[in-house]
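What follows is a short report on a single structure.
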Amino acid sequence: MDKSTILTWFRVPFRFAGCMVYGHKNKHQGYRPREEWIIQPDCFPAIISMDEAEQAYQISVSKRGRKGQKVQYLLSGLLKCQVCGNNFQMDFDKRKPKQSFYRCGSRRRGAKLCSNSRYLNRDRLETLVLEMVSEVVLEKGHLEQYYQKCLEEYNRNQGEREEELKRLRQQLQELEQRIENATEVLMQSPNLKERFIPKIQSDEEKIRRVNTEIETRNLASAPSGVDLISFRQEMEQALQGDEQMQKTALSSLIHRIDVTQDGQVGVEFYINTRALGNTP
């Protein structure tokens, strides 16, 4: 087994988590940006969890400095097919090399995988989205209304969050008790290990998932005061910059863009938590 094979395992570790991975390489066999990958879960038995696969991928990225992983297109990772849920990827007209289109990554691999055959002209769509963000989202009052909506929603759902945390903690206690009981049985009857060890391993994986859910919900704190004026100015400047700066700005303001079979485009706006601290 050579070194390149092992490196490939770490670059695309999601296969070991039971996923099929498509669209991760371009025609030159270089790696596409992660935002353009199509990851289909639960295709076959997993030998590692999705969290472990993500950790392996992040380590791989840090080791190679994201070489070959730079985002190439403005809307990569934001455009989603409403039919199959996968990312749209870039495609080109062979007769007109300068003409480029976004299309469903699954459909690009074959008509049987997705019925969404819609092509979206790259230049027109990117211009439309940039204009929409500049003229609507960054217009004075829009961010303020969104922020106020976040506050109201947080207060409205506070009781539900507390109940969910209570349920998760109870589930965690039950799993830990189950493992403790099984361990005691094994100490007394080692010949039963083939029966109990798989159950213990399964419960340990469940505990990891429950702990992750608890941690995620604990991090969801109430929106704090933010400087929306400065944020708006930063976004306006970024939208006037190069394509990488524009993409960063769009990723701070747009959660996803859904594309239907009939070509309808629905944009789901939000404020990126990393851009505004604790804002949801």
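The values are calculated or read from the model by the stated rules, or taken from the named source; none is laboratory data. Values in this document were obtained by computation on a predicted structure and should not be read as measured data. Every residue, glycine as well, gets a Cβ built from its backbone with ideal geometry; the counts of neighbours run over all protein chains shown.
Numbers for the structure displayed
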quantity	calculated
Among (1) surrounded by 13 or more Cβ atoms within 10 Å (Cβ to Cβ); (2) at pLDDT 85 or above; (3) part of a helix (DSSP H, G or I) - the single one residue 184 does not satisfy	(1)
Residue check, residue 119 among the aromatic types (Phe, Trp, Tyr) and without any contact (Cβ under 8 Å) to a residue 60 or more places away in the chain	yes
Test result for residue 46, at pLDDT 70 or above, farther than 27 Å from residue 258 by Cβ, among the aliphatic types (A, V, I, L, M) and buried (at least 16 other Cβ atoms within 10 Å of the Cβ)	yes
Qualifying strands (runs of 3 or more DSSP E) (wholly inside the stretch 75-115; at least 1 residues being farther than 18 Å from residue 251 by Cβ and under 19 Å from the mean Cα position of the chain (by Cα))	79-81, 100-104
Residue list for the stretch 254-280, filter: at pLDDT 85 or above and not in a strand (DSSP E or B)	260, 261, 262, 264
Count - residues of the stretch 58-100 that are over 23 Å from residue 126 (Cβ atoms) and modelled with pLDDT of 80 or more	0
Odd one out for residue 130, checked against (1) assigned to a loop (DSSP other than H, G, I, E, B); (2) touching a residue at least 60 places away in the same chain (Cβ under 8 Å)	(1)
